[in-house]
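The values are calculated or read from the model by the stated rules, or taken from the named source; none is laboratory data. Nothing here was measured: the structure is a model prediction, and the numbers come from that model. No Cβ is skipped: glycine too gets one built from the backbone with ideal geometry, and neighbour counts run over all protein chains shown.
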Amino acid sequence: MFVRDHMTPDLRSVRPGTHFEKAAQMLATGGLHQLPVVNDENELAGIVTNRNIRLGRAVDVSPYDQLEVAAVMTRDPLMIDEGATIEDAVVFLYEHQFGALPVVRGGKLVGIITKHDVIKVLYDR
(Lines give C-alpha, C1' and ligand atoms only; values in the text may rest on other atoms or scores of the structure.)
Protein backbone atom coordinates (compact mmCIF):
# COMPACT_ATOMS: atom_id res chain seq x y z
CA MET A 1 0.00 0.00 0.00
CA PHE A 2 1.33 3.35 -1.05
CA VAL A 3 0.85 6.91 0.16
CA ARG A 4 -0.50 7.99 -3.26
CA ASP A 5 -3.46 5.63 -2.83
CA HIS A 6 -4.55 7.07 0.52
CA MET A 7 -3.55 10.73 0.50
CA THR A 8 -5.88 13.66 0.00
CA PRO A 9 -5.02 14.96 -3.47
CA ASP A 10 -7.23 18.04 -3.58
CA LEU A 11 -5.88 20.24 -0.87
CA ARG A 12 -5.69 23.90 -0.11
CA SER A 13 -2.35 25.63 -0.24
CA VAL A 14 -1.07 29.19 -0.12
CA ARG A 15 1.79 31.17 -1.63
CA PRO A 16 4.55 32.75 0.48
CA GLY A 17 3.11 36.21 -0.28
CA THR A 18 -0.37 35.32 0.97
CA HIS A 19 -1.54 37.67 3.70
CA PHE A 20 -1.04 36.14 7.14
CA GLU A 21 -4.64 36.70 8.25
CA LYS A 22 -6.00 35.04 5.10
CA ALA A 23 -4.02 31.90 5.94
CA ALA A 24 -5.24 32.09 9.54
CA GLN A 25 -8.83 32.34 8.32
CA MET A 26 -8.36 29.40 5.92
CA LEU A 27 -7.08 27.25 8.79
CA ALA A 28 -9.88 28.29 11.13
CA THR A 29 -12.83 28.03 8.77
CA GLY A 30 -11.59 24.96 6.91
CA GLY A 31 -11.04 22.89 10.03
CA LEU A 32 -7.42 22.53 8.95
CA HIS A 33 -4.30 22.19 11.07
CA GLN A 34 -1.75 23.00 8.38
CA LEU A 35 -1.49 24.61 4.97
CA PRO A 36 1.29 23.78 2.54
CA VAL A 37 3.05 26.83 1.12
CA VAL A 38 4.03 26.47 -2.54
CA ASN A 39 5.94 28.60 -5.02
CA ASP A 40 4.85 29.39 -8.58
CA GLU A 41 6.11 25.97 -9.77
CA ASN A 42 4.00 24.20 -7.12
CA GLU A 43 7.15 23.19 -5.24
CA LEU A 44 6.80 22.94 -1.49
CA ALA A 45 8.37 26.05 0.05
CA GLY A 46 7.06 25.68 3.57
CA ILE A 47 4.13 24.88 5.76
CA VAL A 48 2.03 27.10 7.98
CA THR A 49 0.34 25.57 10.99
CA ASN A 50 -1.93 26.76 13.75
CA ARG A 51 1.20 27.04 15.90
CA ASN A 52 2.84 29.31 13.30
CA ILE A 53 -0.27 31.49 13.38
CA ARG A 54 -0.19 31.77 17.18
CA LEU A 55 3.50 32.69 17.10
CA GLY A 56 2.90 35.16 14.27
CA ARG A 57 0.26 36.94 16.28
CA ALA A 58 2.74 37.30 19.14
CA VAL A 59 5.34 38.98 16.91
CA ASP A 60 5.58 42.74 17.07
CA VAL A 61 5.39 43.58 13.37
CA SER A 62 4.72 47.04 12.12
CA PRO A 63 2.53 47.35 10.23
CA TYR A 64 0.94 44.09 11.32
CA ASP A 65 -1.58 44.13 8.49
CA GLN A 66 1.23 43.55 5.96
CA LEU A 67 2.53 40.34 7.52
CA GLU A 68 2.85 37.55 4.93
CA VAL A 69 2.88 33.79 5.31
CA ALA A 70 6.59 33.73 4.38
CA ALA A 71 7.37 35.50 7.65
CA VAL A 72 5.80 32.82 9.85
CA MET A 73 5.89 29.57 7.86
CA THR A 74 8.16 26.66 8.66
CA ARG A 75 10.70 26.58 5.84
CA ASP A 76 11.92 23.36 4.22
CA PRO A 77 9.28 21.17 5.86
CA LEU A 78 9.60 17.43 5.99
CA MET A 79 7.61 15.69 3.27
CA ILE A 80 7.03 12.23 1.90
CA ASP A 81 7.10 10.93 -1.65
CA GLU A 82 3.86 9.59 -3.09
CA GLY A 83 5.60 6.27 -3.77
CA ALA A 84 6.44 5.68 -0.12
CA THR A 85 4.58 2.92 1.68
CA ILE A 86 1.92 3.50 4.30
CA GLU A 87 4.29 1.87 6.77
CA ASP A 88 6.91 4.52 5.90
CA ALA A 89 4.32 7.23 6.54
CA VAL A 90 3.38 5.71 9.92
CA VAL A 91 7.02 5.68 11.01
CA PHE A 92 7.58 9.22 9.77
CA LEU A 93 4.44 10.60 11.46
CA TYR A 94 5.22 8.82 14.72
CA GLU A 95 8.92 9.66 14.91
CA HIS A 96 8.36 13.35 14.19
CA GLN A 97 5.05 13.57 16.07
CA PHE A 98 3.31 15.17 13.09
CA GLY A 99 -0.38 15.14 12.35
CA ALA A 100 0.16 15.24 8.61
CA LEU A 101 2.79 15.21 5.89
CA PRO A 102 2.84 17.00 2.55
CA VAL A 103 3.10 14.48 -0.30
CA VAL A 104 5.31 15.23 -3.30
CA ARG A 105 6.04 13.81 -6.73
CA GLY A 106 9.30 15.01 -8.23
CA GLY A 107 9.43 17.86 -5.71
CA LYS A 108 5.92 19.11 -6.61
CA LEU A 109 3.11 19.09 -4.07
CA VAL A 110 0.46 16.51 -4.99
CA GLY A 111 -1.35 15.89 -1.71
CA ILE A 112 -1.27 15.45 2.01
CA ILE A 113 -1.51 12.38 4.21
CA THR A 114 -2.72 12.57 7.78
CA LYS A 115 -2.54 10.37 10.85
CA HIS A 116 -6.23 9.69 10.34
CA ASP A 117 -5.56 8.47 6.77
CA VAL A 118 -2.93 5.94 7.85
CA ILE A 119 -4.93 4.76 10.85
CA LYS A 120 -7.91 4.13 8.55
CA VAL A 121 -5.71 2.07 6.19
CA LEU A 122 -4.39 -0.03 9.06
CA TYR A 123 -7.85 -0.41 10.60
CA ASP A 124 -9.39 -1.56 7.31
CA ARG A 125 -6.79 -4.29 6.78
Going by what's in this entry, would Ile47 be described as in contact with a Ser or Thr (Cβ under 7 Å, 6 or more places away or on another chain) and not basic (Lys, Arg)?
yes
Out of everything in the stretch 112-125 that is assigned to a helix (DSSP H, G or I) and touching a Leu at 6+ places or on another chain (Cβ under 7 Å), what residue ends up being surrounded by the most Cβ atoms within 10 Å (Cβ to Cβ)?
Val118
Any residue in the stretch 70-93 that is modelled with pLDDT of 90 or more, of a type outside the set (Ser, Thr, Tyr), out of contact with any strand residue (DSSP E or B) (no Cβ under 6 Å at 6 or more places or on another chain) and farther than 20 Å from Val110 by Cβ?
yes
Does the stretch 51-68 include one or more residues that are surrounded by 12 or more Cβ atoms within 10 Å (Cβ to Cβ), in contact with a helix residue (DSSP H, G or I) (Cβ under 8 Å, 6 or more places away or on another chain) and of a type in the set (S, T, N, Q)?
no
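Of all residues in the stretch 82-111, how many are closer than 28 Å to Lys22 by Cα and crowded, with 16+ Cβ neighbours inside 10 Å? Before the answer, list the steps.
Narrowing the stretch 82-111 to residues closer than 28 Å to Lys22 by Cα: 93, 96-105, 107-111.
Keeping just the survivors that are crowded, with 16+ Cβ neighbours inside 10 Å gives 93, 98, 100-104, 109-111.
Counting residues in the stretch 82-111 that are closer than 28 Å to Lys22 by Cα and crowded, with 16+ Cβ neighbours inside 10 Å gives 10.
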